[in-house]
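What follows is a set of notes on a single structure, which appears directly below.
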Amino acid sequence: MKKKKRKGMFLLRYILTFLCTGAVCMLFLFLASCFPQACIQTGSEKSAEYFMEQELFPCLEKGKQNTKYDNYADCLLFHIAYQMDAKKPFSSMVKAVYYDYSRGRVNDDYYASVFQGKRANTTYFRYWHGAVCLIRPLLCICGAEEIRMASGICLSVLNVILGILLWKKKQRELLGLYSFSLLLIKIWVAVFSIEYIMAFILMTAMLICFVVYERAEKEKIFQLSIISGVLTCFFDFLTVETVTITVPLLFLFVIKQNGGKLGAWKKEFGFMMASCFFWIFSYGGMFLGKWLLAAKLMGSRVFGEVFDTAGYRIAHGGNTGMFSRLYHAAAYNISCLLGTGEISVWAIVVCLAVMGILFRKGGTFRRLLLCLGMVPYLRYLVLSGHSMEHYFFTYRAQMITIMSVGMIVLHEGKTALKERKHI
């Protein structure tokens, strides 16, 4: 009886965590909508002029797709922020309206809105566009370029705090591998795009929380997973969303392993799956909440548009068959990470076979890391159309794969050295 009551209390706590985190997010977005347009006019003018001077999808290094950043999505965010109506804050935050005339040249449309007073004629209700609650207040004092710089500084500060924590906890190998993985995914490119950087800011914030609470009860980690899912849905634009749960879980398992506290396979696998479930539940729940609010204001056609877009994200790829889409979704992202031409389907098959053998013959630690390392490819398969079209930024989700493989190599190498010393 006591056990059932305890489970009921924890379930209530999880639901309240989800509702409270979601409510706080909505409150900040509502308050941002209340800023009068006159307050953000100067910052919006600077931003519109800035985006007019930029290409929509430029590369930091000419011809290298893994250095491409996204002015298109950022321009949309600033446009939505500008079109919010302080007289109708709730409607503004739900509908996310903007002016669309040129069908693609979003910087032209944003400029026309700011300087010619063009009124919104299009909604973008599918996402929360949570970054708007930061952009709109900051537009009172600066423009897009400065806001991007501020987000880069924020990410740097969070990583310094994380580095200090790991160093104090003597997790220096983990810190080194984390830094190496950031270099491989070219994290500096994210600084040039608010769309890219938000997921990494959230990931780093959650890493700090997971490291601080690494000795806490599993229920605390489940609550953090819920918070992570809610915030990821609120701020992210379907970029590298999975890193906000996969990388923190890897950190937790590595710290446990180094401290000799990693449990048996069934126990730890169950914990990992439960954490991922809570993250998926909160991530999906926030999306559903947004669509329900939009349907309340705009009618049931909202769900028709949502399902059409979901179908496009999953199956986009012209007349190609399902197998071709799945292969190219993985191949494009892997080749972008490696900086090479398109890789062979046989190379992918061999890698999967090797990982399967390692999983079968591995211990708890290796198996857990392999499971986490496979998550990006599961995402590429589920959203194959989206992953094919936007591989130049979705490839960064493989950060967890880099860390998983690297940590397995380090762990096996240390184990082999210890065994050799005992001979």
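The values are calculated or read from the model by the stated rules, or taken from the named source; none is laboratory data. Every value quoted in this text rests on a predicted model; they were computed, and no experiment measured them. As a convention, Cβ positions derive from the backbone with ideal geometry for all residues, glycine included, and neighbour counts pool all protein chains shown. When the accessible area is computed, the model is the full protein with side chains, heavy atoms only, and any ligands, DNA or RNA have been set aside. Shrake-Rupley method; radii C 1.70, N 1.55, O 1.52, S 1.80 Å.
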Tally of residues being aliphatic (A, V, I, L, M) and assigned to a helix (DSSP H, G or I) across the stretch 81-107:
4
Residue list for the stretch 375-412, filter: crowded, with 22+ Cβ neighbours inside 10 Å, touching a Leu at 6+ places or on another chain (Cβ under 6 Å) and among the β-branched types (Val, Ile, Thr):
ILE400
Six or more apart or on different chains, Cβ atoms under 6 Å: show the pairs whose first residue is in the stretch 23-45 and within 24 Å of VAL230 (Cα to Cα) and touching a residue at least 12 places away in the same chain (Cβ under 8 Å) and whose second is open to solvent by less than 60 Å² (accessible area, probe 1.4 Å) and small (Gly, Ala, Ser).
SER33/SER92; CYS34/ALA86
Within the stretch 254-273, which residues are touching a Ser or Thr at 6+ places or on another chain (Cβ under 8 Å), small (Gly, Ala, Ser) and open to solvent by 30 Å² or more (accessible area, probe 1.4 Å)?
ALA264
Unique match (being farther than 29 Å from ASN121 by Cβ, out of contact with any helix residue (DSSP H, G or I) (no Cβ under 9 Å at 6 or more places or on another chain), open to solvent by less than 60 Å² (accessible area, probe 1.4 Å) and free of Cβ contacts under 8 Å to residues at least 12 places away in the same chain) among GLY63, GLY8:
GLY8
LYS68 vs (1) more than 30 Å from LEU337 (Cα to Cα); (2) at pLDDT below 95: all pass except (1)
Inter-residue pairs, beta-carbon under 8 Å, first more than 12 Å from TYR377 (Cα to Cα) and part of a helix (DSSP H, G or I) and in the stretch 389-404, second among the β-branched types (Val, Ile, Thr) and open to solvent by less than 10 Å² (accessible area, probe 1.4 Å), 6+ apart
PHE393/THR239; PHE393/VAL240; ILE402/ILE185; MET403/VAL247
Looking only at the stretch 67-83, which residues are small (Gly, Ala, Ser), free of Cβ contacts under 8 Å to residues at least 60 places away in the same chain and out of contact with any Leu (no Cβ under 9 Å at 6 or more places or on another chain)?
none
Give the stretch 130-172 a look and list any residue that's of a type in the set (S, T, N, Q), in a helix (DSSP H, G or I) and either touching a residue at least 40 places away in the same chain (Cβ under 8 Å) or touching a Cys at 6+ places or on another chain (Cβ under 6 Å) (or both), or say none.
SER151, ASN159
Within the stretch 44-54, is there a residue that is outside any helix (DSSP H, G or I) and surrounded by fewer than 22 Cβ atoms within 10 Å (Cβ to Cβ)?
yes
Looking at (1) touching a Lys or Arg at 6+ places or on another chain (Cβ under 9 Å); (2) under 20 Å from ILE135 (Cβ atoms), which one does LEU60 not meet, given that it meets all the others?
(2)
TYR127 being in contact (Cβ under 8 Å) with a residue 12 or more places away in the chain, touching an Asp or Glu at 6+ places or on another chain (Cβ under 6 Å), within 21 Å of THR309 (Cβ to Cβ) and not β-branched (Val, Ile, Thr):
no
Take the stretch 285-336 and flag every residue that is modelled with pLDDT of 85 or more, hydrophobic (A, V, I, L, M, F, W, C) and either open to solvent by 40 Å² or more (accessible area, probe 1.4 Å) or closer than 29 Å to LEU19 by Cα (or both).
MET286, PHE287, LEU288, TRP291, LEU292, LEU293, ALA294, ALA295, LEU297, MET298
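One line per residue, one yes/no per condition, for (1) crowded, with 19+ Cβ neighbours inside 10 Å; (2) touching a Phe, Trp or Tyr at 6+ places or on another chain (Cβ under 6 Å):
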{"site": "ILE153", "(1), (2)": "no, no"}
{"site": "VAL157", "(1), (2)": "no, no"}
{"site": "LEU165", "(1), (2)": "no, no"}
{"site": "LEU177", "(1), (2)": "yes, no"}
{"site": "PHE180", "(1), (2)": "no, no"}
{"site": "LEU183", "(1), (2)": "no, no"}
{"site": "SER193", "(1), (2)": "yes, yes"}
{"site": "ILE201", "(1), (2)": "yes, no"}
When the stretch 222-239 is examined, which residues are found to be open to solvent by less than 10 Å² (accessible area, probe 1.4 Å) and at pLDDT 95 or above?
SER225, ILE226, SER228, GLY229, VAL230, THR232, CYS233, PHE234
